[in-house]
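**Student:** Structure provided below as structure tokens; questions to follow.
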Amino acid sequence: MSKTPETRNLYAGEPFELAGQQIALGESRNLALAVSQSYSGSDVTLPVRVLRGAEPGPAVMISAAVHGDELNGTGIIRELILAPPFELLRGTLVLVPVVNILGYERNARYLPDRRDLNRCFPGIASGSLASRIAHTVFHELVLRCGYLIDFHTAAVRRTNFPNVRADLSQPEVRRLARAFGCPLVVNSEGGKGTLRLAAVQAGLAAIILEAGEVWKVEPSVVEVGLRGVRNVLLELGMIDGEAERPAYQARIDRSTWLRSEVGGLLRFHTAPGDVVEQGQVLASCASLLGVERGVVTAPEDGIIMGLTTLPSVKPGDPVCHLAFPHKGIQRIRKALGSTLDSSLHERLRGDLATSVTVDDFEPE
């Protein structure tokens, strides 16, 4: 029977063992976990940072770059290592800046065997390259913890407004997702073979953050990640202080990608994080000579959770990812009405729209 998070999350003073080393309470250590070998026979290792408070408490793993081109999470973990915005008093942090080290070295989403590592968990010790790496990461790192925060970005040629994804039917997962403090909390179990789903099935409380673009470390996304980690550690009693909350928090049970009906070049009339109303024009498209034109409109009230960053489209290509809050958007509009231009929410909206042109829609 799988252990529950409650039976995993306390290390009552015993040394925490990882990669063949024991780390006592109050200690911090850099480790190298061997996950494969190169063609020369040299070990391929993951850099891991372990921090332990002076008192026992939960064990939390924070990971990034399961897809090797998704670097925002790596940037968040770098800040947690170099300048953590808290003092860890209780429990254990396991920081893994890059999980897919072979993809990271090639600036690639996938492993050299062309497999998606995030479809291979919990892995097989005698399986493919991807499956073996997944097995080592899962059994040597994940199963030593009770909680997991995994950082992701949108896929190539897209950007995501920050959203936490979690199986909200699991009480401890729901607690973690709400505590993180992201405006959007997407209720989803996770796909087969994902690190998140495998972790929850093994008894951990696991969530992911989806935010920003590939191949970038975006400052406002890093700020969201640091705030979220700090909020979670406060919720788990691992640090002292007060939580920082977003302007609003909405549960998302439904979302859809809106697609172009014509081919051509896009103009956007909304930005990631915008609250939009039914019938609002979100993007327009025209052929290269401006002969054929089309618009993408909101089918109902919602929030822009993602955009394509590739301006050229064909009929059927995705343009906007629209999320539909569980309790409607009136309270969200009200909450955003009092936010300052300097707020993190507004800075995110501006930063994540820098890859596209956003202007007012002018009908013909």
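The values are calculated or read from the model by the stated rules, or taken from the named source; none is laboratory data. Keep in mind the model is a prediction, meaning the values are calculated, not measured. FYI the Cβ positions are ideal-geometry reconstructions off the backbone, even for glycines, and counts take in every protein chain you see.
**Student:** Would you point out the residue of segment 298-338, among those that are surrounded by fewer than 15 Cβ atoms within 10 Å (Cβ to Cβ) and either of a type in the set (Ser, Thr, Tyr) or not assigned by TED's automatic domain parsing to the domain that holds Val276 (or both), that is modelled with the lowest pLDDT? Show your work before the answer.
**Tutor:** As a first pass, look at segment 298-338 and keep what is surrounded by fewer than 15 Cβ atoms within 10 Å (Cβ to Cβ): 299-300, 312, 314-316, 326-328, 330-331, 333-334, 337-338.
Right, trim to either of a type in the set (Ser, Thr, Tyr) or not assigned by TED's automatic domain parsing to the domain that holds Val276 (or both) and you get 312, 338.
On the way: Ser312: 95, Ser338: 80.
The extreme case among them is Ser338.
**Student:** Looking only at segment 190-211, filter to residues that are part of a loop (DSSP other than H, G, I, E, B) and in contact with a strand residue (DSSP E or B) (Cβ under 9 Å, 6 or more places away or on another chain); which one of those is farthest from Tyr110 (Cα to Cα)? Working first, answer last.
**Tutor:** Keep residues of segment 190-211 that are part of a loop (DSSP other than H, G, I, E, B), which gives 190-194, 202-204.
Filter once more, so that each one left must be in contact with a strand residue (DSSP E or B) (Cβ under 9 Å, 6 or more places away or on another chain): 190, 194, 204.
Numbers: Gly190: 18, Thr194: 14, Leu204: 25 Å.
Across segment 190-211, the extreme among qualifying residues is Leu204.
**Student:** Just a yes or no: is a residue in segment 229-241 in contact with a Ser or Thr (Cβ under 6 Å, 6 or more places away or on another chain) and either within 30 Å of Leu80 (Cα to Cα) or surrounded by fewer than 21 Cβ atoms within 10 Å (Cβ to Cβ) (or both)? Outline the logic, then answer.
**Tutor:** Our first condition is that a residue be in contact with a Ser or Thr (Cβ under 6 Å, 6 or more places away or on another chain); within segment 229-241, this holds for none.
Checked against the condition, which is being in contact with a Ser or Thr (Cβ under 6 Å, 6 or more places away or on another chain) and either within 30 Å of Leu80 (Cα to Cα) or surrounded by fewer than 21 Cβ atoms within 10 Å (Cβ to Cβ) (or both), segment 229-241 yields no hits at all.
**Student:** Also, I was wondering about something else. Considering only residues of segment 168-194 that are aliphatic (A, V, I, L, M) and within 13 Å of Tyr248 (Cα to Cα), which is surrounded by the fewest Cβ atoms within 10 Å (Cβ to Cβ)? Walk me through it before giving the result.
**Tutor:** Narrowing segment 168-194 to residues aliphatic (A, V, I, L, M): 168, 173, 176-177, 179, 184-186.
If we keep only those that are within 13 Å of Tyr248 (Cα to Cα) too, we end up with 179, 184-185.
Numbers: Ala179: 18, Leu184: 24, Val185: 24.
So the residue we want is Ala179.
To keep it simple, each residue is scored yes or no on (1) among the acidic types (Asp, Glu); (2) more than 20 Å from the chain's Cα centre (by Cα); (3) surrounded by 24 or more Cβ atoms within 10 Å (Cβ to Cβ).
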site: Gly75; (1), (2), (3): no, no, no
site: Phe86; (1), (2), (3): no, yes, no
site: Asp113; (1), (2), (3): yes, yes, no
site: Asn118; (1), (2), (3): no, no, yes
site: Ser131; (1), (2), (3): no, yes, no
site: Val156; (1), (2), (3): no, no, no
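**Student:** Same structure, new question: Answer yes or no: is there a residue in segment 347-354 that is in a loop (DSSP other than H, G, I, E, B), crowded, with 18+ Cβ neighbours inside 10 Å and hydroxyl-bearing (Ser, Thr, Tyr).
**Tutor:** The initial filter retains those residues of segment 347-354 that are in a loop (DSSP other than H, G, I, E, B), namely 353-354.
Restricting the remaining residues to those that are crowded, with 18+ Cβ neighbours inside 10 Å gives 353.
Pick out the ones that are also hydroxyl-bearing (Ser, Thr, Tyr) and you get none.
No, every residue in segment 347-354 fails to be in a loop (DSSP other than H, G, I, E, B), crowded, with 18+ Cβ neighbours inside 10 Å and hydroxyl-bearing (Ser, Thr, Tyr).
**Student:** Right, something else. Determine which single condition Pro171 fails, assuming it passes every other condition in (1) farther than 21 Å from Gly328 by Cα; (2) in contact (Cβ under 8 Å) with a residue 24 or more places away in the chain.
**Tutor:** (2)
**Student:** Can you confirm whether Ile81 is in the same structural domain as Lys216 (by TED's automatic domain parsing), part of a helix (DSSP H, G or I) and either surrounded by 22 or more Cβ atoms within 10 Å (Cβ to Cβ) or of a type in the set (Phe, Trp, Tyr) (or both)?
**Tutor:** Numbers: in the same structural domain as Lys216 (by TED's automatic domain parsing): yes; part of a helix (DSSP H, G or I): yes; either surrounded by 22 or more Cβ atoms within 10 Å (Cβ to Cβ) or of a type in the set (Phe, Trp, Tyr) (or both): no.
When the stated conditions are applied, Ile81 does not pass them.
**Student:** For residues that are more than 25 Å from Gly350 (Cβ to Cβ) and either of a type in the set (D, E, K, R) or touching a His at 6+ places or on another chain (Cβ under 8 Å) (or both), tally how many sit in segment 275-311.
**Tutor:** 3
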